[in-house]
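S.K.: Handing you a structure now.
Just so it is clear, none of the values below were taken in a lab; they were calculated from the coordinates. For clarity, every value in this text was computed on a predicted model and none was experimentally measured. Counting neighbours? That spans all protein chains shown, and the Cβs are built from the backbone with ideal geometry, glycine included.
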Amino acid sequence: MNIIFATAEVSPFAKTGGLGDVCGALPKALAKLGHDVVVFTPYYRQAREWFARRGESPEAVADMSIRWAGWSSPMTLLRAMLPDSDVPVYFIANDYFFDRDGIYDGTLDFHDDQVERYTFFCRGIISACGSLGLNVDVVHSHDWHSALLPVYLHSGLRGDSSFQRAASVYTIHNLNYQGRYGFERFRALGLHSFYSSQHALEYFGDINLMKGGIIFADQVTTVSPTYAREIQTAEFGAGLDGILRQHSYKLSGILNGIDIDEWDPETDPHLPSPFSAVDLKGKANCKKALRKEAGFDTRSKAPLISLISRFVPQKGLEIFLGAIPSLLQTGSQIIVLGTGDAHYEDAFRAAEAAAPKQFRSWIKFDPVLAHRIIAGSDLLLMPSLYEPCGLNQMYALRYGTLPVVRLTGGLADTVIPYDGSNAGVATGFGFHSTDPRDLYLTTWLGAMQMKDAAVWRQLQQNGMAADFSWEHSAREYERVYSRALGV
Ligand code: ADP
């Protein structure tokens with residue numbers, strides 16, 4: 001299939017989170033399955049700086065003018081390759097729109113022009129495909145920034161011939177950013193008034209671009225099967241649950257993959273000792289080194305429990321804070337790594353001050369330390385209130401660290417909770433409520449299993465055998481593309 005990705009972020013050029021990781025990895029995995037994949041993304045200042053740091057610059061391919069709805073803006077099309085692949089990335093360049101301090105910096109001269117920026121981006125892609133002579137089968141767009149593409153295709157804006165038979169797939173990575181703007185911005189989209197109705201982009205008197213993507217794409221996905229179900233409820237739907245219920249016939253969830261080369265305990269250069277599912281001895285060394293680094297007693301029999309997270313309410317940190325006193329009572333050693341809301345940073349610093357021999361709070365962003373923590377811990381806590389997919393639990397599973405998770409979203413899809421009778425398949429521990437007592441009890445019961453070395457090892461090995469590769473995800477996207485094309 002000829003597939004194009006339209007995305008506001010691509011790792012390693014410019015990213016703020018999971019969207020960039022997915023769009024940096026999935027195209028490569030699809031290409032390995034034999035598809036022709038081309039990625040389109042804005043040429044932000046961050047991307048320019050990425051090339052500049054390497055003394056490189058992308059190749060200029062074409063200059064053109066993008067015209068719509070009374071607008072006319074110049075566009076330069078630049079070309080590079082996704083690193084370690086032969087997947088082309090085309091950058092849509094226009095310094096007025098994209099040469100700004102932050103990727104999502106939508107304010108210039110006090111005027112918020114996010115709608116215009118990403119309208120230009122989507123229209124630029126359609127023109128670029130025409131100029132490149134691409135024959136597109138599937139347009140895969142992501143989050144609100146490229147949600148207009150399925151709408152444009154539906155409206156008949158299909159380039160000269162590039163999109164004649166193209167189907168559209170729309171992936172929601174973060175339902176909470178919907179591209180909602182004042183209704184007066186509708187004119188900037190250059191769409192027929194048909195699309196201004198409540199059956200299209202209108203949303204409580206505003207326009208909502210994500211809503212348009214959901215309605216007009218041939219298939220809609222999100223990043224885990226459980227989250228795909230949850231977002232159809234008022235609790236998780238961020239106001240779009242009704243629209244998602246209406247379109248559930250074309251909605252599915254596909255788990256993100258992880259970089260299994262970067263996160264491989266047998267070859268991880270950041271660990272004091274490598275280890276594997278068959279030989280876990282190195283993991284004991286990692287644990288000892290981590291305890292030493294944290295200033296904890298290295299001979300203690302107590303479990304070593306960790307949490308690595310952005311410090312935001314989504315991550316269930318109130319639940320965790322409520323469980324800390326009881327966990328400390330059991331003698332557990334606890335490590336926290338993260339940054340974010342001052343309220344949480346202060347609370348973790350206070351917990352460390354109160355129990356310095358058992359609690360360590362590393363308030364920083366440190367990816368290498370994250371590797372050491374995940375390798376050296378017995379248990380990794382993820383009590384998230386909601387979690388579209390989640391990565392840390394998958395890293396933990398690969399490193400024989402048993403996750404303790406709130407069974408929501410991707411956490412429910414990747415961790416099989418141990419219940420005393422399913423040691424053959426279980427990979428961690430889980431709970432449902434938001435009561436700190438349940439997190440505490442589940443963690444305590446989990447830690448108790450360490451006393452039964454055979455069961456513990458079995459659970460570790462079950463998790464280490466799980467397949468979280470991008471190849472696995474790519475095969476599922478292939479099926480969604482086929483459904484979108486009706487083949
Ligand atoms: P989210 O994308 O919502 O933050 P995920 O679990 O999907 O949550 O991904 C978080 C990623 O960021 C993981 O790779 C995690 O290890 C990493 N991470 C988060 N905070 C830190 C930190 N302070 N230091 C290092 N890595 C971090």
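Let's see how each residue does on (1) within 16 Å of the ligand (Cβ to nearest atom); (2) within 30 Å of S197 (Cα to Cα):
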{"position": "E230", "(1), (2)": "yes, yes"}
{"position": "L240", "(1), (2)": "no, yes"}
{"position": "I243", "(1), (2)": "no, yes"}
{"position": "Q246", "(1), (2)": "no, yes"}
{"position": "G253", "(1), (2)": "yes, yes"}
{"position": "V278", "(1), (2)": "no, no"}
{"position": "D297", "(1), (2)": "no, no"}
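S.K.: Show me the strands (runs of 3 or more DSSP E) found entirely inside the stretch 89-197 where at least 1 residues are out of contact with any Cys (no Cβ under 7 Å at 6 or more places or on another chain) and buried (at least 23 other Cβ atoms within 10 Å of the Cβ).
M.R.: Passing ranges, in order: 138-142, 167-172.
S.K.: Can you list the helices (runs of 4 or more DSSP H) lying wholly within the stretch 337-443 that have 1 or more residues being surrounded by 20 or more Cβ atoms within 10 Å (Cβ to Cβ) and under 17 Å from the mean Cα position of the chain (by Cα)?
M.R.: 392-398, 409-414
Listed here are the residues, each with its yes/no results for (1) at positive phi; (2) in contact with a helix residue (DSSP H, G or I) (Cβ under 6 Å, 6 or more places away or on another chain); (3) among the basic types (K, R).
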{"position": "P274", "(1), (2), (3)": "no, yes, no"}
{"position": "D279", "(1), (2), (3)": "no, no, no"}
{"position": "P303", "(1), (2), (3)": "no, yes, no"}
{"position": "P325", "(1), (2), (3)": "no, no, no"}
{"position": "G331", "(1), (2), (3)": "yes, no, no"}
{"position": "V336", "(1), (2), (3)": "no, yes, no"}
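S.K.: For the stretch 238-252, give me the residue count where each residue is under 17 Å from N176 (Cβ atoms) and exposed (fewer than 15 other Cβ atoms within 10 Å of the Cβ).
M.R.: 1
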